[in-house]
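Chemist: Okay, here's the structure, questions in a sec.
The values are calculated or read from the model by the stated rules, or taken from the named source; none is laboratory data. Predicted model, so just to flag it, every value in this text is computed and none were measured. Note that we place each Cβ from the backbone using ideal geometry, even for glycine, and neighbour counts take in every protein chain shown.
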Amino acid sequence: MTKLLFKRGAILLTVVIMLVVLYATSSENLLENLPSESDIISSILQKQEQEADLLKQITKDQEQAIKDLENERQKIIDDLTVTVPIPKVDTDIEDFNQLFDHSIRHTFIVDFTSDEFFGLVNDMYEYNQEFGWIDFRNNNYHKVSVTYIDDDSTMTIEDVGIRTKGNVYSRRVPWDGNNVIDTHYVLKFNETFNFVEGTPEYEELKTREVFNIEKLIFKYNNTNDPAVSNEVYSTELFSQMGVVMPKASYAELIIKIDGVVKNSSLYNIFEFPDEEFLRRVYNEEDVKEVGNFYKMVYPADLTPIFDQNNIGVRDWVSGFRPIYGRETNKLNTDYSDLVDFTFALSDTNLINRKAYLEANFDVDSFLRSMAVNVLVGNPDDYRGNLNNYYMYIDTSGYTTYIPFDYDNSLGSGWPGDDNFSRFTLDNDIYDWGRISWGVYTERPLVDNILEYEEYQILYENYLEELIETGYFSYSTYDAFVNVPKSLYGDLYYINNDKQYFFDEKIIDTIVQIKYYRDQR
């Protein structure tokens with residue numbers, strides 16, 4: 001508007017100057033040639049029309065510029081993804097360690113057809129209609145094409161299975177009625193779909209691995225963690241302490257439908273806890289047989305198991321989801337290994353219980369896990385919420401606790417109401433997580449182990465080690481988060497300002513360790 005007024009003023013000023021010049025030259029000519037008021041108004045209106053046309057053109061140019069930018073981004077993605085489909089994946093790219101290298105930028109482009117995407121959406125709604133409440137946990141895999149891009153390479157994998165992931169609270173339909181939205185996913189590289197067993201297509205897919213894995217988990221930032229790093233950093237801490245846990249890293253996930261980009265976000269990616277994971281961490285990659293691997297969900301307290309309905313193989317189709325779910329050896333219905341463990345764990349004879357634990361359970365790894373958990377402040381693990389952990393009982397009967405799912409940590413996500421205060425910053429390192437949803441619940445795996453003073457000392461030593469080595473410190477965390485920030489920060493918001501959490505947690509833990517040592 002200001003520009004239009006200025007231009008109108010300039011026109012009138014020009015007219016006045018013309019009049020002055022004409023008057024000075026010849027008053028008669030001035031009177032004869034002086035433009036009429038209607039001429040001046042007509043001239044101004046003509047200028048206004050020209051300016052309006054110009055503004056319209058500018059708006060069109062801006063709109064076209066925006067479209068050009070969008071088309072250019074699409075073209076870059078298309079150029080990267082135009083590769084010849086290959087039956088076997090390039091082994092130069094399928095390196096496991098490369099996939100979970102934080103210093104490499106990873107991009108996954110998942111291309112649905114409309115039928116496959118909305119088939120996935122419809123399956124979830126149909127499941128909800130059958131099971132009600134907020135349950136959308138349909139695990140049907142739908143077919144997509146996946147393109148992986150890193151710093152040096154690009155590859156496309158056809159006929160990959162995809163489904164959503166999560167519990168009743170965290171799993172959401174990836175379509176809000178108008179747009180594709182973030183949700184947790186699982187990619188399955190060896191999904192056979194409707195191919196007939198025994199055909200070349202079936203056999204090729206059944207045995208296919210990519211990055212030396214069969215499945216890959218994608219989790220979006222559902223806890224609004226400004227650094228998008230809670231789980232990846234926590235996983236790194238467990239690794240530093242020698243605790244077995246699935247690998248984690250970062251990746252950009254781009255969702256396309258019929259070749260058109262519909263959504264892109266920064267995700268965390270995770271190795272899937274399955275037989276391949278067990279073979280990798282226990283150096284048994286060529287061994288076919290593995291032990292019994294149990295996934296535990298709320299309220300898996302590990303008190304003696306009497307109710308056989310609480311243990312078994314989960315079946316999402318029927319809705320059978322026991323709190324102790326076996327993930328391997330699913331045809332074997334003998335669950336006595338875990339049942340026996342829960343009874344031995346609650347043996348009231350302290351000498352017998354300790355002898356059993358030292359012979360059959362990795363107590364040291366468990367105490368290391370508990371130390372990490374207290375420092376990162378996760379209220380949603382075994383100790384905090386009887387949830388989110390695995391127990392692996394190998395073929396010899398030896399049991400290992402394996403932590404998993406640390407999105408609620410480091411001051412972000414679910415704070416643990418009413419069990420914890422200020423994201424665990426006000427909680428005691430021993431009096432931790434005894435109330436679950438308002439009800440006092442036993443936690444024998446913690447209470448019956450920390451009943452022994454030597455295990456208390458070991459637990460406190462690991463807390464101290466994490467702090468003194470700097471593994472758990474803001475400076476380490478800051479440097480850690482700056483890596484993905486440098487790789488993805490041009491497109492995605494990453495803010496690593498959590499110094500308050502680290503400072504308070506460290507000071508409070510040190511004070512508590514000293515207090516309990518002084519009591520002995």
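Chemist: Looking only at region 382-417, which residues are polar (S, T, N, Q) and part of a loop (DSSP other than H, G, I, E, B)? Give the steps one after another, and end with the answer.
Modeler: In the first step, residues of region 382-417 are kept if they are polar (S, T, N, Q); the result is 385, 387-388, 395-396, 399-400, 408-409, 412.
Matches in region 382-417: Asn387, Asn388, Thr395, Ser396, Asn408, Ser409, Ser412.
Chemist: Moving on to the next point. Would you mind stating whether Glu460 is touching a residue at least 24 places away in the same chain (Cβ under 8 Å), over 24 Å from the mean Cα position of the chain (by Cα) and in a loop (DSSP other than H, G, I, E, B)? Walk me through how you get there before you give the answer.
Modeler: Numbers: touching a residue at least 24 places away in the same chain (Cβ under 8 Å): yes; over 24 Å from the mean Cα position of the chain (by Cα): yes; in a loop (DSSP other than H, G, I, E, B): no.
So Glu460 does not fit the description; no.
Residues are listed down the side, and each one gets a yes or a no for (1) surrounded by 17 or more Cβ atoms within 10 Å (Cβ to Cβ); (2) assigned to a strand (DSSP E or B); (3) within 33 Å of the chain's Cα centre (by Cα); (4) modelled with pLDDT under 95:
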position	(1), (2), (3), (4)
Glu285	no, no, yes, yes
Lys295	yes, yes, yes, no
Ile351	no, no, no, no
Tyr356	yes, no, no, no
Ala359	no, no, no, no
Met370	yes, no, yes, no
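Chemist: Here's a check for you: in region 170-189, which residue that is closer than 29 Å to Glu275 by Cα, among the aliphatic types (A, V, I, L, M) and under 14 Å from the mean Cα position of the chain (by Cα) is surrounded by the most Cβ atoms within 10 Å (Cβ to Cβ)? Outline the logic, then answer.
Modeler: Residues of region 170-189 closer than 29 Å to Glu275 by Cα: 170-174, 182-189.
The next check asks that each one be among the aliphatic types (A, V, I, L, M); those that pass are 173, 186-187.
Subsequent filtering for residues that are under 14 Å from the mean Cα position of the chain (by Cα) retains 186-187.
On the way: Val186: 20, Leu187: 25.
My answer is Leu187.
Chemist: A follow-up question, please. Whether any residue in region 329-341 is of a type in the set (Lys, Arg) and crowded, with 16+ Cβ neighbours inside 10 Å is what I want to check. Don't jump to the end; show me each part of the working.
Modeler: Step one: of region 329-341, the residues of a type in the set (Lys, Arg) are 330.
Of the ones still in play, those that are also crowded, with 16+ Cβ neighbours inside 10 Å are none.
No, that holds for no residue.
Chemist: Here's a follow-up. Taking the stated definitions as given, is Tyr390 aromatic (Phe, Trp, Tyr) and in contact with a Ser or Thr (Cβ under 8 Å, 6 or more places away or on another chain)? Show your work before the answer.
Modeler: On the way: aromatic (Phe, Trp, Tyr): yes; in contact with a Ser or Thr (Cβ under 8 Å, 6 or more places away or on another chain): no.
Taking the combined requirement at face value, the residue does not satisfy it.
Chemist: Follow-up. Could you figure out which of (1) closer than 19 Å to Asn97 by Cα; (2) under 18 Å from the mean Cα position of the chain (by Cα); (3) not in a strand (DSSP E or B) isn't true of Ala227?
Modeler: (1)
Chemist: Looking at region 234-246, is at least one residue under 27 Å from Val374 (Cβ atoms), within 18 Å of the chain's Cα centre (by Cα), modelled with pLDDT of 95 or more and part of a loop (DSSP other than H, G, I, E, B)?
Modeler: We begin by selecting, within region 234-246, every residue under 27 Å from Val374 (Cβ atoms); these are 234-246.
Remaining after also requiring within 18 Å of the chain's Cα centre (by Cα): 234-238, 245-246.
Subset that is modelled with pLDDT of 95 or more: 234-238, 245-246.
Remaining after also requiring part of a loop (DSSP other than H, G, I, E, B): 245-246.
Yes: one or more hits.
Chemist: Taking only region 265-295 into account, find how many residues are among the aliphatic types (A, V, I, L, M) and touching a helix residue (DSSP H, G or I) at 6+ places or on another chain (Cβ under 7 Å). Steps first, please.
Modeler: Just the residues of region 265-295 that are among the aliphatic types (A, V, I, L, M), to begin with: 266, 269, 278, 281, 287, 290.
Add one more test, that the residue is touching a helix residue (DSSP H, G or I) at 6+ places or on another chain (Cβ under 7 Å), and what stays is 266, 287, 290.
So the answer is 3.
Chemist: So which residues in region 197-212 are part of a helix (DSSP H, G or I) and either more than 27 Å from the chain's Cα centre (by Cα) or exposed (fewer than 14 other Cβ atoms within 10 Å of the Cβ) (or both), if there are any at all?
Modeler: So the first thing to find is which residues in region 197-212 are part of a helix (DSSP H, G or I), and the list is 200-206.
Across region 197-212, the qualifying residues are Pro200, Glu201, Tyr202, Glu203, Glu204, Lys206.
Chemist: Now a separate question. Give Phe366, Phe361, Phe343 a once-over and let me know the one that is farther than 15 Å from Gly433 by Cα and touching a Pro at 6+ places or on another chain (Cβ under 6 Å).
Modeler: Numbers: Phe366 fails: touching a Pro at 6+ places or on another chain (Cβ under 6 Å); Phe361 fails: touching a Pro at 6+ places or on another chain (Cβ under 6 Å).
Going through Phe366, Phe361, Phe343 in turn, the sole match is Phe343.
Chemist: Condition first: in contact with a strand residue (DSSP E or B) (Cβ under 6 Å, 6 or more places away or on another chain) and not aliphatic (A, V, I, L, M). Now tell me which residues in region 274-309 satisfy that.
Modeler: Glu276, Phe277, Gly291, Asn292, Phe293, Tyr294, Lys295
Chemist: Which condition number does Tyr250 fail, the rest of (1) surrounded by fewer than 22 Cβ atoms within 10 Å (Cβ to Cβ); (2) of a type in the set (Phe, Trp, Tyr); (3) more than 30 Å from Lys288 (Cβ to Cβ) being met?
Modeler: It is condition (1) that Tyr250 fails.
Chemist: Would you please list the contacts, defined by Cβ atoms under 6 Å and residues six or more apart or on different chains, that run from a residue in region 397-409 that is under 23 Å from Phe361 (Cα atoms) to a residue that is of a type in the set (Val, Ile, Thr) and part of a loop (DSSP other than H, G, I, E, B)?
Modeler: Ile402/Val244
Chemist: Quick test of your reading of the structure: Tyr488 fulfils all but one of (1) among the hydroxyl-bearing types (Ser, Thr, Tyr); (2) closer than 23 Å to Gln240 by Cβ; (3) out of contact with any Ser or Thr (no Cβ under 6 Å at 6 or more places or on another chain). Name the failing condition by number.
Modeler: Single failed check for Tyr488: (2).
Chemist: Additional query: Which ones in region 222-242 are among the hydrophobic types (A, V, I, L, M, F, W, C) and surrounded by fewer than 22 Cβ atoms within 10 Å (Cβ to Cβ)? Explain how you work it out, then say what you get.
Modeler: Going through region 222-242, the residues among the hydrophobic types (A, V, I, L, M, F, W, C) turn out to be 227-228, 232, 237-238, 241.
Met241, the sole residue that qualifies.
Chemist: Of Lys215, Lys219, which residue is surrounded by 19 or more Cβ atoms within 10 Å (Cβ to Cβ), closer than 22 Å to Glu289 by Cα and in the same structural domain as Phe100 (by TED's automatic domain parsing)?
Modeler: Details: Lys219 fails: closer than 22 Å to Glu289 by Cα.
That would be Lys215, the only listed residue that is surrounded by 19 or more Cβ atoms within 10 Å (Cβ to Cβ), closer than 22 Å to Glu289 by Cα and in the same structural domain as Phe100 (by TED's automatic domain parsing).
Chemist: Residue by residue through region 188-205, note down the ones that are farther than 30 Å from Ser170 by Cβ and without any contact (Cβ under 8 Å) to a residue 60 or more places away in the chain. Talk me through it step by step, then tell me what you get.
Modeler: Of region 188-205, the ones farther than 30 Å from Ser170 by Cβ are 195-204.
Hits for region 188-205 are Phe195, Val196, Glu197, Gly198, Thr199, Pro200, Glu201, Tyr202, Glu203.
Chemist: Would you confirm whether or not region 488-505 contains a residue that is farther than 30 Å from His106 by Cβ, surrounded by 14 or more Cβ atoms within 10 Å (Cβ to Cβ) and in contact (Cβ under 8 Å) with a residue 24 or more places away in the chain? Give the steps one after another, and end with the answer.
Modeler: Applying the first criterion (farther than 30 Å from His106 by Cβ) to region 488-505 yields 500, 503-505.
Subset that is surrounded by 14 or more Cβ atoms within 10 Å (Cβ to Cβ): 504-505.
Still in the list and also in contact (Cβ under 8 Å) with a residue 24 or more places away in the chain: 504-505.
Yes, there is a match, as at least one residue in region 488-505 is farther than 30 Å from His106 by Cβ, surrounded by 14 or more Cβ atoms within 10 Å (Cβ to Cβ) and in contact (Cβ under 8 Å) with a residue 24 or more places away in the chain.
Chemist: Return the residues of region 309-348 that are touching a Leu at 6+ places or on another chain (Cβ under 8 Å) and assigned to a loop (DSSP other than H, G, I, E, B); say none if nothing qualifies.
Modeler: Scanning region 309-348 gives a single hit, Thr328.
Chemist: With the checklist (1) without any contact (Cβ under 8 Å) to a residue 60 or more places away in the chain; (2) assigned by TED's automatic domain parsing to the domain that holds Ile149 in hand, flag the one item Gln240 doesn't pass.
Modeler: (1)
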